[in-house]
Amino acid sequence: MDIVIGAALIIVLMLCLGFGWGDIAVLGMGVVGIFIVLIGCFFAVCPVMLAFSKRTTAVFVRFSEERRFPCAVYRIGDREVLNIFPCEMVMRGKLYVPEREIRLLYCRLNRSAIDSNALLTMVLGSVIFIPSAVFAAVKMVEVFAEMTANL
């Protein structure tokens, strides 16, 4: 809700300063493009995280409420490790069975677990968002170059 109010205030301020709706649309597309590039950068780091991970067995223990969204906590040996992504909410009962031993990846870089849902998210996110980020960055550079050439 705060983001919507902030965006509305920015639009009203831009209209008061004499910007047109086309300028506001370009700014909005630029903000969306920046978000796509940032998400693409995150997913570009994911293959590195997978490369520094090792396969191990773990037992699901509980859900942690330490972060903004609940995430699964696994016991690997004698230590508890948080999953790298928040837990799946829809199939929570079927995917996270207490005291069931599963195979997952342990990321040594940030000391977190990568279960099958996180692995699927990382792979699909990398396949989708890395090319999207490259495309968005190229298009933003083209639009910026065209805008500055017309000044």
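The values are calculated or read from the model by the stated rules, or taken from the named source; none is laboratory data. Note that this is a predicted model, so its numbers are computed, not measured. Neighbour counts are summed over all protein chains in view; Cβ atoms, including those assigned to glycine, are modelled from backbone coordinates with ideal geometry. Accessible surface is based on the protein model in full, side chains and every heavy atom, while ligands, DNA and RNA are left aside. Shrake-Rupley method; radii C 1.70, N 1.55, O 1.52, S 1.80 Å.
Points worth noting:
- Members of segment 80-110 that are modelled with pLDDT of 90 or more and charged (D, E, K, R): GLU80, ARG103
- Lone unmet requirement of (1) open to solvent by 90 Å² or more (accessible area, probe 1.4 Å); (2) in contact with a Leu (Cβ under 6 Å, 6 or more places away or on another chain); (3) not aromatic (Phe, Trp, Tyr) for SER53: (1)
- Scope segment 16-41; condition over 23 Å from MET140 (Cα atoms) and either of a type in the set (Lys, Arg) or in a helix (DSSP H, G or I) (or both); matching residues: CYS16
- Lone qualifier among LEU17, LEU50 - being at negative phi and within 19 Å of the chain's Cα centre (by Cα): LEU50
- Every pair of residues 6+ apart whose Cβ atoms lie under 6 Å, when the first sits in segment 66-91 and is over 18 Å from CYS107 (Cβ atoms) while the second is surrounded by 20 or more Cβ atoms within 10 Å (Cβ to Cβ) and of a type outside the set (Asp, Glu): PRO70/CYS87
- Looking only at segment 40-50, and only at residues there that are open to solvent by 70 Å² or more (accessible area, probe 1.4 Å) and touching a helix residue (DSSP H, G or I) at 6+ places or on another chain (Cβ under 9 Å), the one that is farthest from THR121 (Cα to Cα): CYS41
- Those residues of segment 60-95 which are open to solvent by less than 100 Å² (accessible area, probe 1.4 Å), part of a loop (DSSP other than H, G, I, E, B) and closer than 24 Å to PHE43 by Cβ, in sequence order: PRO70, ILE84, PHE85, PRO86, CYS87, GLU88, MET91
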